[in-house]
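A.B. asks: If you scroll down you'll find the structure; I have some questions about it.
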Amino acid sequence: MSTAIAFCTCGCQPCVCTPPSQLGSASCLPAACLPRPTFFDGQVIGSADLNAVVDYARNQQALLARLLGGWGILGGMRVDAAPGLRANKLGTGNIAQLGNNPQIIAGTQVQVSPGVAIDAAGNRLVLCAPVVLDIAALAVQTPQAQLTTATCAQLLGPECVNPTVQITATEFFLVAELMETPARPVGRVNGPGSCDPVVGCQFSRTVEDVRLSLISSLADTYQFTGCADATSFSLPGVTLGTAGDPTICRDEVFAFIDNVQGQLASICCSRPVVVLGRVMLTRAPGSLAAGLPFAPQYLVVSDGYPCRKPTFQVGWFTKTWPNVICNNVTSSPVISAGSVVQTAGDNVRGPITITASTSDFLTINSIATSALSAQLAQLRLSTSSLRVTFGATFTVTNVASAQFRVLVDGVELAANGIPFLSTNVDTTRLTQVNIANIVPPSILGEARAHQVVVQVSLTSAGQLDATGLAKPATMVFDPSKFDGASVVIQEIAG
Amino acid sequence: MSDCDWQGTGVFGTQVLAPGPSDLPSTELNLVQQDIEEVTPTTQAGGVFTDVQVNTTGDQLAVTLTRTRRTRALLVSVGFTGTVTGFATASDLAFQVIINGSPVPATPTDNTDVLLVRKVHVDLTPGATTFQSSFNLSMTSLIQPEVLPNALQLDFLVQFSFLASGLGGPQITVFPREAALVVKEIGPFSLTT
């Protein structure tokens, strides 16, 4: 790994040069397949042999680091306001207690704390002291960044304490990457003795440093590959968790992991980087900057997950995580079967009139022609049950009775011929209906993002109009007259 | 979301890479509830909505929820039974849940249609075949954030009103019930909440 230096002047005195820096080398599996140097007595050993020892050891270490432990931040390297700059925290809840980000900074300087990371090539990135960066100055070197206008929630996610505040900002990712700089130039002698003529100059060390810079976008697969640029990596386009047989389900998961890890072991990464956080440069932060002094430019900084990918310390992980898992499994009353996994619901939101001339089932709408309907946002777990609740009050004309039913995915569920979600109401005495039941997974069948709608069948009271014809049976839900109706479905963990 | 939001790839939104069912946290957060503590009669004040009371010392059927997000839906459940007295005719009996002093609009721009309302029919007409002096109120409703007041602290209050006019001093008597009013904040489908 020696570097020939044609531009260095060197004589018998110490060499003086300006060494060029370069980014760390790309990672590729063939590059790690180096032969192991071996030596024998009487062998003439040159720089190639000595460097082969170093290269072999570095490659082995890097290979294990990136594939066994994984790339990411091992600790530190947090992005915060530079000393002296005032900032507002934007996050809520535990996140706001655990760190400073997301935050808005009155100014453009941030400080990156000391820390260690491993990039996707297995290189160690060590920052030994805090580094102050001027994001505005770095942004000048990233002209391809785009100005975007979005709400705080869109930019920072659900943690944003003022989700609707709109800001116009330029988004960057602050990345760390290996930078190698040749150092310690020494004279090269032409002969076996130290007094032989010096014929050149070469660097005898390589300083491994960290370069911090901005990039305007990341490849979609960055969280897997750790590469700023696109690679051949492709996430398998499969849906996991739908197999009814748990053994098949498990095998599918392991096949998925094998596929992903196989690709990660063999892809070539041209620019391994570790994202430290997102920084957004803005001149008009709106109310986000309330209480801060005026500044020509502000920074919105977020160095939390998912952009910042921590790699757990094995010691910490094995000490702490089993307790978390085991406590939950064995004794925790907080996380247990019976938990409500997800909830969906709908209400009648305007006057709805059901007019029937037959006893056919008719769908109840929520407003205008939209059906009163609720659908789970996610697939139901295969072992979960579904709690269904429908309730309404109504006014009827010429109705003797009404049969209400709730359809799940368009089907009236029943066991042994007995419907689960159906009831008959004597409308001459009652003007309200309630259906509530828990449908077990054995009745629900395939796990889906289930959807329910409500239907009613009206039986005429037999009244005639002035001309002697049968009057239609009508049922009215009118929330302006206190006749409301609502349906709620909840997934209950099994 | 940003380019580095790998959850957007869809794979990790499915079930298998999540913990098993027993490891999932509940998405029902910040539960607040109020019991009806004893048999409690309440006379309607004039022709306006009157607060349902939970004891004879005059405490209201009410809860206060301090929610963590203004972006989340709330699940509101009301359930109790009772009887009516103090008049001798038929009437509808309306119930409503108001939040921070106002009914909940059906849509952000609609003040006519409201949510969290129900109506039951009672009939104290002497000798009537439709005589009905008791009532059962049961309501569970998911309220979306866009129709809720723009505040983190929400005060829920259950009220009643007889809709027939000229009833004199109509009265309802509610019976003891645990969790007669329950409000829950519905969190996201998440493994970390």
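The values are calculated or read from the model by the stated rules, or taken from the named source; none is laboratory data. On a predicted model such as this, the values are computed, not experimentally measured, just so you know. Here the Cβ positions follow ideal geometry from the backbone for every residue, glycine too, while neighbour counts run over all protein chains shown. What goes into the accessible areas is simple: the full protein's heavy atoms, side chains included, and nothing from ligands, DNA or RNA. Shrake-Rupley method; radii C 1.70, N 1.55, O 1.52, S 1.80 Å.
A.B. asks: Give me the pairs, please: first residue somewhere in segment B:160-179 and on the phi > 0 side of the Ramachandran plot, second residue anywhere and open to solvent by less than 30 Å² (accessible area, probe 1.4 Å), beta-carbon distance under 6 Å, and either six or more positions apart or on two chains.
C.D. replies: B:GLY168/B:PHE87
A.B. asks: For segment B:61-68, does any single residue satisfy the condition of being within 14 Å of chain A (Cβ to nearest Cβ), open to solvent by 40 Å² or more (accessible area, probe 1.4 Å) and in contact with a Ser or Thr (Cβ under 8 Å, 6 or more places away or on another chain)? Please lay out each step first, then the result.
C.D. replies: Narrowing segment B:61-68 to residues within 14 Å of chain A (Cβ to nearest Cβ): B:66-68.
Applying the additional criterion that residues be open to solvent by 40 Å² or more (accessible area, probe 1.4 Å) yields B:66, B:68.
Adding the requirement that they be in contact with a Ser or Thr (Cβ under 8 Å, 6 or more places away or on another chain) leaves B:68.
The answer is yes, given that some residue of segment B:61-68 is within 14 Å of chain A (Cβ to nearest Cβ), open to solvent by 40 Å² or more (accessible area, probe 1.4 Å) and in contact with a Ser or Thr (Cβ under 8 Å, 6 or more places away or on another chain).
A.B. asks: Grab the strands (runs of 3 or more DSSP E) fully contained in segment A:380-494, keeping just those with 1 or more residues being more than 40 Å from the chain's Cα centre (by Cα).
C.D. replies: Working: elements: A:385-393, A:395-397, A:399-408, A:422-426, A:432-439, A:451-460, A:473-477, A:485-492.
The strands (runs of 3 or more DSSP E) meeting that bar are A:385-393, A:395-397, A:399-408, A:422-426, A:432-439, A:451-460, A:473-477.
A.B. asks: Which of the following residues is out of contact with any strand residue (DSSP E or B) (no Cβ under 7 Å at 6 or more places or on another chain), more than 19 Å from B:THR140 (Cβ to Cβ) and in contact (Cβ under 8 Å) with a residue 12 or more places away in the chain: A:THR383, A:THR428?
C.D. replies: Working: A:THR428 fails: out of contact with any strand residue (DSSP E or B) (no Cβ under 7 Å at 6 or more places or on another chain).
Only one candidate passes the filter, namely A:THR383.
A.B. asks: Can you tell me which of (1) open to solvent by 70 Å² or more (accessible area, probe 1.4 Å); (2) assigned to a strand (DSSP E or B) is the one A:PHE40 doesn't meet?
C.D. replies: (2)
A.B. asks: For segment A:72-124, which positions are part of a strand (DSSP E or B), charged (D, E, K, R) and crowded, with 19+ Cβ neighbours inside 10 Å?
C.D. replies: Step one: list which residues in segment A:72-124 are part of a strand (DSSP E or B), which gives A:72-76, A:79-81, A:87-89, A:103-105, A:109-112, A:115-118, A:124.
From the residues that got through so far, the ones that are charged (D, E, K, R) too are A:80, A:89, A:124.
Residue satisfying the conditions is A:ASP80 alone.
Here is a yes/no grid of residues against (1) modelled with pLDDT of 90 or more; (2) closer than 26 Å to A:MET179 by Cβ; (3) open to solvent by less than 40 Å² (accessible area, probe 1.4 Å); (4) in a loop (DSSP other than H, G, I, E, B):
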| site | (1), (2), (3), (4) |
| --- | --- |
| A:ASN259 | yes, no, no, no |
| A:GLY277 | yes, yes, yes, no |
| A:THR282 | yes, no, yes, no |
| A:PRO293 | yes, no, no, yes |
| A:PRO296 | yes, no, no, yes |
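A.B. asks: How many residues are open to solvent by 70 Å² or more (accessible area, probe 1.4 Å), farther than 21 Å from A:LEU264 by Cα and assigned to a helix (DSSP H, G or I) if we restrict to segment A:43-71?
C.D. replies: Selection size over segment A:43-71: 4.
A.B. asks: Quick one: which residue in B:THR173, B:THR112, B:THR130, B:THR89 is away from chain A (no Cβ under 11 Å), open to solvent by 40 Å² or more (accessible area, probe 1.4 Å), of a type outside the set (A, V, I, L, M, F, W, C) and farther than 23 Å from A:GLN490 by Cα? Please lay out each step first, then the result.
C.D. replies: Details: B:THR173 fails: open to solvent by 40 Å² or more (accessible area, probe 1.4 Å); B:THR112 fails: away from chain A (no Cβ under 11 Å); B:THR130 fails: away from chain A (no Cβ under 11 Å).
Exactly one residue qualifies, and that residue is B:THR89.
Conditions tested, residue by residue: (1) surrounded by fewer than 19 Cβ atoms within 10 Å (Cβ to Cβ); (2) closer than 28 Å to B:THR81 by Cβ.
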residue	(1), (2)
A:ILE352	no, yes
A:THR355	yes, no
A:ASN365	no, no
A:SER384	no, no
A:THR427	no, yes
A:GLN432	no, yes
A:ILE438	yes, yes
A:ILE443	yes, no
A:ALA447	no, no
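A.B. asks: Another question, if that's okay. What pairs come out if I take residues in segment A:338-349 that are facing chain B (nearest Cβ under 7 Å) and pair them with residues that are assigned to a loop (DSSP other than H, G, I, E, B) and of a type in the set (Ser, Thr, Tyr) whose C-beta lies under 7 Å away, six or more apart or interchain?
C.D. replies: Note: pairs meeting the criteria are A:SER339/B:SER26; A:VAL340/B:SER26; A:VAL340/B:THR27; A:VAL341/A:SER384; A:VAL341/B:THR27; A:GLN342/B:THR27; A:THR343/B:THR27.
A.B. asks: Sticking with this structure for a sec: With the structure loaded, tell me whether B:SER190 is of a type in the set (Ser, Thr, Tyr), modelled with pLDDT under 95, closer than 21 Å to A:GLU491 by Cβ and not in a strand (DSSP E or B) or whether it fails that test.
C.D. replies: Values: of a type in the set (Ser, Thr, Tyr): yes; modelled with pLDDT under 95: yes; closer than 21 Å to A:GLU491 by Cβ: yes; not in a strand (DSSP E or B): yes.
It is true that B:SER190 is of a type in the set (Ser, Thr, Tyr), modelled with pLDDT under 95, closer than 21 Å to A:GLU491 by Cβ and not in a strand (DSSP E or B).
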